[in-house]
1. Taking the stretch 57-68 on its own, how many of its residues are closer than 21 Å to Val140 by Cβ and touching a Lys or Arg at 6+ places or on another chain (Cβ under 9 Å)?
2. How many of the residues making up the stretch 77-111 are farther than 18 Å from Pro155 by Cβ, in contact with a Gly (Cβ under 9 Å, 6 or more places away or on another chain) and not in a loop (DSSP other than H, G, I, E, B)?
3. Scan the stretch 175-185 for residues that are crowded, with 17+ Cβ neighbours inside 10 Å and either part of a loop (DSSP other than H, G, I, E, B) or free of Cβ contacts under 8 Å to residues at least 12 places away in the same chain (or both) and jot them down.
4. Give me a count of the residues in the stretch 80-129 that are in contact with a Lys or Arg (Cβ under 6 Å, 6 or more places away or on another chain), of a type in the set (S, T, N, Q) and in contact (Cβ under 8 Å) with a residue 40 or more places away in the chain.
5. Checking the structure you have, find out if any residue of the stretch 153-162 is aromatic (Phe, Trp, Tyr) and more than 13 Å from the chain's Cα centre (by Cα).
6. Of the residues that sit in the stretch 37-76 and are assigned to a loop (DSSP other than H, G, I, E, B) and modelled with pLDDT of 95 or more, which one is surrounded by the most Cβ atoms within 10 Å (Cβ to Cβ)?
Amino acid sequence: MVDSPFTFTLSMSEIIPSRVDNHIERRLSDLQGQFNDQAAFDKMLSTEDQLLYEVYEVKRPEIEGEMLLGVSIVHPGKVGNEFFMTKGHFHSVLETSEIYYCIRGEGYMVMETPEGETSVALLTPGKILYVPPRWAHRSVCTSRLEDLVTFFIYPANAGHDYGTIEQIGFRKLVVDGVNGPEIIDNPRYK
């Protein structure tokens, strides 16, 4: 089957693409064990299973040669002193990369390789981030009142490995420090 080219719009005021094939919502309960302060997590979860982030995808066949794309929205908030974040993942096909374009808000992309190399990149509107192959990545919203909104694109056959991060976590955390966001070592890293 030969596919036809297509277009869609991404209004900077609306931020949700005009074409959406899949909408994913991740709530606090979906990040069980990922935040450093388990007591703060349990207390928050006991009152509300808050929406932390959403993903709007333009789906394509998950085969080599295709590209998946969409918009990720991480809402502002904290568990203890740690900012809301995405689950984070490696790609199942480890040798694939991903590109992010920050549309709105402020935050960080926390990244690391299986070998232990780490990097944390600031995300601000207009900034483009290239995540190389082999790098796990997680978006963190440090805006107080505004969503962190990014457009992403990656090879459709890349897949997602959430399990590794669920088991061992990330080596770095982004917390609300005395003078604003701080990058610290994860004391619970396994």
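The values are calculated or read from the model by the stated rules, or taken from the named source; none is laboratory data. This one's a predicted model, so the numbers in the text were calculated from it and none came from an experiment. Using ideal geometry, Cβ is built from the backbone for each residue, glycine included, and neighbour counts are taken over all protein chains shown.
1. Taking the stretch 57-68 first, the residues closer than 21 Å to Val140 by Cβ are 57.
Within this subset, residues satisfying the condition of being touching a Lys or Arg at 6+ places or on another chain (Cβ under 9 Å) are none.
Final tally of qualifying residues: 0.
2. Within the stretch 77-111, residues that are farther than 18 Å from Pro155 by Cβ, in contact with a Gly (Cβ under 9 Å, 6 or more places away or on another chain) and not in a loop (DSSP other than H, G, I, E, B) number 5.
3. Of everything in the stretch 175-185, nothing turns out to be crowded, with 17+ Cβ neighbours inside 10 Å and either part of a loop (DSSP other than H, G, I, E, B) or free of Cβ contacts under 8 Å to residues at least 12 places away in the same chain (or both).
4. Residues in the stretch 80-129 being in contact with a Lys or Arg (Cβ under 6 Å, 6 or more places away or on another chain), of a type in the set (S, T, N, Q) and in contact (Cβ under 8 Å) with a residue 40 or more places away in the chain: 2 in total.
5. From the stretch 153-162, those aromatic (Phe, Trp, Tyr) are 154, 162; that's our starting set.
Those still in the list that are more than 13 Å from the chain's Cα centre (by Cα) too: 154.
Looking through the stretch 153-162, at least one residue is aromatic (Phe, Trp, Tyr) and more than 13 Å from the chain's Cα centre (by Cα).
6. To start, the set of residues in the stretch 37-76 that are assigned to a loop (DSSP other than H, G, I, E, B) comprises 37, 48-50, 59-66, 75-76.
Next, only the ones that are modelled with pLDDT of 95 or more stay: 37, 48-50, 75-76.
Details: Asp37: 16, Glu48: 9, Asp49: 12, Gln50: 14, His75: 16, Pro76: 18.
That would be Pro76.
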